[in-house]
Number of protein chains: 2
Amino acid sequence: MRPTTKDLAKAAGVSLATVDRVLNRRPGVRKETVEAVTAAIEEIGFERNISAANLARSRRYRFEFLLPTAGDQFLETLVSRIEEARAAFAAEHTEVGFRRILSDDPHQIAAHLARLGPEDTDGIAIMAPEAPQVRDATHRLFERGVKVVQFVAGQLGGPEVDFVGVDNNAAGATAGRLMGKFCGGRTGRILVIADTMNARDNVERRQGFDRILTADFPDLSALPSVETHGDPARTRRIVGNLFENFHDISGVYVLSSETRVALEAVAAATDLRQTQVIAHERTAFNVNKLRSGELDAVIAQNPGHLVRSAIRVLRARCDGREPIASQEEIRIEILIRENLGQAADRT
Amino acid sequence: MRPTTKDLAKAAGVSLATVDRVLNRRPGVRKETVEAVTAAIEEIGFERNISAANLARSRRYRFEFLLPTAGDQFLETLVSRIEEARAAFAAEHTEVGFRRILSDDPHQIAAHLARLGPEDTDGIAIMAPEAPQVRDATHRLFERGVKVVQFVAGQLGGPEVDFVGVDNNAAGATAGRLMGKFCGGRTGRILVIADTMNARDNVERRQGFDRILTADFPDLSALPSVETHGDPARTRRIVGNLFENFHDISGVYVLSSETRVALEAVAAATDLRQTQVIAHERTAFNVNKLRSGELDAVIAQNPGHLVRSAIRVLRARCDGREPIASQEEIRIEILIRENLGQAADRT
DNA sequence: TATTTTCTGAGGTACGTGCCTCAAATAGTT
DNA sequence: AACTATTTGAGGCACGTACCTCAGAAAATA
């Protein structure tokens, strides 16, 4: 049997009350006594039973995810991962909820944050585009005692706000190296497409991508980013023109996680299977395109990891602990047709 | 507040005892009463407090990993992940240990398994090369009531033995596609090196690799596997001869996780940076070689996931639950220089 | 209706820890 | 030595669930 506080008390020659005072760093214990208990802990290999402790304390953590309303398949996947996490963390005294707010109205987001306080929630994970109002509201929220993490999309916040998500510059660099190697020393141009270049993530990915191409693949040159703004007809026109003007486009890099519009425009102009195409995120659409050979690689981040990591970081902050950086680093995954796994494709 | 069994009893109009009988599937409850309770669970959103349940039951799980003594860096990483898991799972009433046994003596492994029983351990995760004795001993152990998972290396066991590890055929196929794309349509030969081809994993990887090369990259042809048997001089001689005979070797695929001997032999014969080199597992050695550009890609599986997954599967089996297949599938990771992350390189 | 069988309720103890109170013992000070 | 301040012990209740017993109610059978 694993030793309990009772065993510890006996081993240290003190009472349960004193053991409790030492374990929970309560005042009123002589230094020598503390040392005696600490020694006994080592000696008998005592480890606190965390679930019993949580049970006794009946402490509850309430966390909320704040997500944009409008979104692509990736966002929907995040939502369903949050639902899963809600169930999984319920057993650990942790309530997880989420709320969706119009993302193109920073004012509304800031207003919601301003209404929140420690009485509503213990921590909040925010996924929102960059905006000064949001940044300010976030800081005030933090000062009111609510823990905050920036989720997936970075706000370039101060050091007190944790970030959970991938390093987008590295993600772009990963795409860059793959593109370079896939194009195998040939000379050519690379078409880069995004929904918008107003998003920080897309800009960072583009920078990482260009960095690698410039440094290691001088025979490839990336064209200026095409912005779709979700408009299929316009995108098709622009992309069509580019393919008419440049006959040496050997690769396409889609920066944003919504790839449908971009891919359809490219497919209308050329044969996707003859072109190296790299995109982001494991969406059902992208998985299908990988299987069919129209996509060559996908750079992804694990949505379940993102959600769980955000929750763990918030809980660590609530407990006054430092999150374990190495555990919370989100990996940049590379997917090709062969390593998709059996997993049912999640919407 | 979250509803408790007491609330549930009230909502269902029954007593605590009946709620308990329903929740734990004990006999002696009328069907209609069971349905009433189930309905009430839905209605008030009751979720059992697992830690309280475990506390009350004071159930403990004892699991053991059985690993080979001789091993490479990958094995050492596994061991340190087991140590980590031991600490993490201690809070969940789960004791995790490991034992190392000479892997080239199936007899010894079988003997150890024969001595084990339900009084020693609740479950065991076995990583051992294929052998009839081991397979038989495993089955007898299972029949004695000890749960068993095949860990990392498959034993081609019956359906009652779970397997935790990657699909090595798919891992080889992943390497195959990458190699094909990295070689970019050029004609050439691929050198394949393993420590031994007597291990099932290596054979499966090779099959997957060949499958993709044959199907999608007919201009590439893979040479017969070179076996190093851990002998640097011999390997260098064989590899040197191959490079002298064939001047169109454009890629090298190292099947086994110990890559040092193979890479040194190739480096002595040609410039690694001009050759596409793919290997397996995230070892410190391989990470360094990725950084230096001598390795082009690494196919990896996450050792921490492997360990935790094995423990979760064992626990599910002990509880008579079915493991969640999608959660326990180990992903085939692709690593290149850009997505290695900040993580300190683990030995 | 009488008898047996099957269900159900009431109540208890236990798990390991947190957190409280009150009295007693000890240490430190004058 | 007498006093105060500090430290310690003993004990109890609580958290939410498991698991046990026993009595009594309801249903099924004779």
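In region A:315-347, what residues are in a helix (DSSP H, G or I), modelled with pLDDT of 90 or more and open to solvent by less than 20 Å² (accessible area, probe 1.4 Å)? The answer is A:N339, and nothing else. Answer yes or no as to whether B:E130 is within 14 Å of chain A (Cβ to nearest Cβ), open to solvent by 60 Å² or more (accessible area, probe 1.4 Å) and touching a Lys or Arg at 6+ places or on another chain (Cβ under 6 Å). Spelling it out, it is not the case that B:E130 is within 14 Å of chain A (Cβ to nearest Cβ), open to solvent by 60 Å² or more (accessible area, probe 1.4 Å) and touching a Lys or Arg at 6+ places or on another chain (Cβ under 6 Å). The single condition from (1) more than 14 Å from every other protein chain (Cβ to nearest Cβ); (2) β-branched (V, I, T); (3) closer than 30 Å to A:N302 by Cα that B:I299 fails is (1). Being among the acidic types (D, E), in contact with a helix residue (DSSP H, G or I) (Cβ under 8 Å, 6 or more places away or on another chain) and modelled with pLDDT of 85 or more is a condition met by at least one residue of region B:30-43. Test B:A310 against the stated conditions and say whether it is within 11 Å of chain A (Cβ to nearest Cβ) and small (G, A, S). No. Among the residues of region B:172-215 satisfying the criterion of being over 20 Å from B:I332 (Cα atoms) and in a helix (DSSP H, G or I), which is nearest to the other protein chains (Cβ to nearest Cβ)? Filtering region B:172-215 for residues that are over 20 Å from B:I332 (Cα atoms) and in a helix (DSSP H, G or I), the one nearest to the other protein chains (Cβ to nearest Cβ) comes out as B:A215. Looking across region A:80-111 at every residue that is surrounded by 17 or more Cβ atoms within 10 Å (Cβ to Cβ) and away from chain B (no Cβ under 14 Å), the one that is nearest to A:E130 (Cα to Cα) is identified as A:P106. Within region A:331-344, does at least one residue satisfy the condition of being more than 14 Å from every other protein chain (Cβ to nearest Cβ) and among the charged types (D, E, K, R)? Checked against the condition, which is being more than 14 Å from every other protein chain (Cβ to nearest Cβ) and among the charged types (D, E, K, R), region A:331-344 yields no hits at all. Annotation: of all residues in region A:246-292 being part of a helix (DSSP H, G or I) and charged (D, E, K, R), the one that is least open to solvent (accessible area, probe 1.4 Å) is A:K289. Summed over region A:30-69, the residues that are surrounded by 12 or more Cβ atoms within 10 Å (Cβ to Cβ), within 11 Å of DNA strand C (Cβ to nearest atom) and of a type outside the set (D, E, K, R) give a count of 10.
Annotation note: of B:R291, B:R273, B:R317, the sole residue that is of a type in the set (K, R) and away from chain A (no Cβ under 13 Å) is B:R317. Taking region A:320-330 as the range and being in contact (Cβ under 8 Å) with a residue 40 or more places away in the chain and away from chain B (no Cβ under 12 Å) as the test, only A:P323 passes. Please tell me if A:G71 is modelled with pLDDT under 85 and under 17 Å from A:F151 (Cβ atoms). Yes; evaluated as a whole, the condition is true for this residue. For region A:299-314, the criterion of a residue being assigned to a loop (DSSP other than H, G, I, E, B) and at pLDDT 90 or above is satisfied by at least one position. From the list A:A125, A:A137, the lone residue that is open to solvent by less than 10 Å² (accessible area, probe 1.4 Å) and in contact with a strand residue (DSSP E or B) (Cβ under 7 Å, 6 or more places away or on another chain) is A:A125. Name the single residue that is modelled with the lowest pLDDT among those in region B:172-187 being in contact with a Ser or Thr (Cβ under 9 Å, 6 or more places away or on another chain) and surrounded by fewer than 17 Cβ atoms within 10 Å (Cβ to Cβ). Going through the qualifying residues, I end up with B:R186. Considering region B:34-55, the residues that are farther than 22 Å from B:R86 by Cα and of a type in the set (G, A, S) include one that is farthest from the other protein chains (Cβ to nearest Cβ), namely B:A36.
Filter region B:216-246 for residues that are within 14 Å of chain A (Cβ to nearest Cβ), of a type in the set (D, E, K, R) and touching a strand residue (DSSP E or B) at 6+ places or on another chain (Cβ under 8 Å) and give the result.
B:D219
Where helices (runs of 4 or more DSSP H) sit wholly within region B:1-93, those with at least 3 residues that are in contact (Cβ under 8 Å) with a residue 12 or more places away in the chain occupy B:5-12, B:16-23, B:31-44, B:73-90. Selection over region B:23-46 of residues that are near DNA strand D (Cβ under 9 Å from one of its atoms) and under 20 Å from B:A56 (Cα atoms) gives a count of 4.
Counting only residues that are within 14 Å of chain B (Cβ to nearest Cβ) and either within 30 Å of A:A128 (Cβ to Cβ) or more than 9 Å from DNA strand D (Cβ to nearest atom) (or both), how many does region A:56-73 have?
Result for region A:56-73: 4.
Could we say that B:F63 is among the hydrophobic types (A, V, I, L, M, F, W, C) and in contact with a Gly (Cβ under 7 Å, 6 or more places away or on another chain) here? Yes: the conditions hold for B:F63.
The values are calculated or read from the model by the stated rules, or taken from the named source; none is laboratory data. Keep in mind that what you see is a predicted model, and the values were worked out from it rather than measured. A quick note on method: Cβ atoms are made from the backbone with ideal geometry, for glycine too, and the neighbour counts reach across all protein chains shown. Each accessible area value is taken on the protein alone, full model and side chains, heavy atoms only, with ligands, DNA and RNA left out. Shrake-Rupley method; radii C 1.70, N 1.55, O 1.52, S 1.80 Å.
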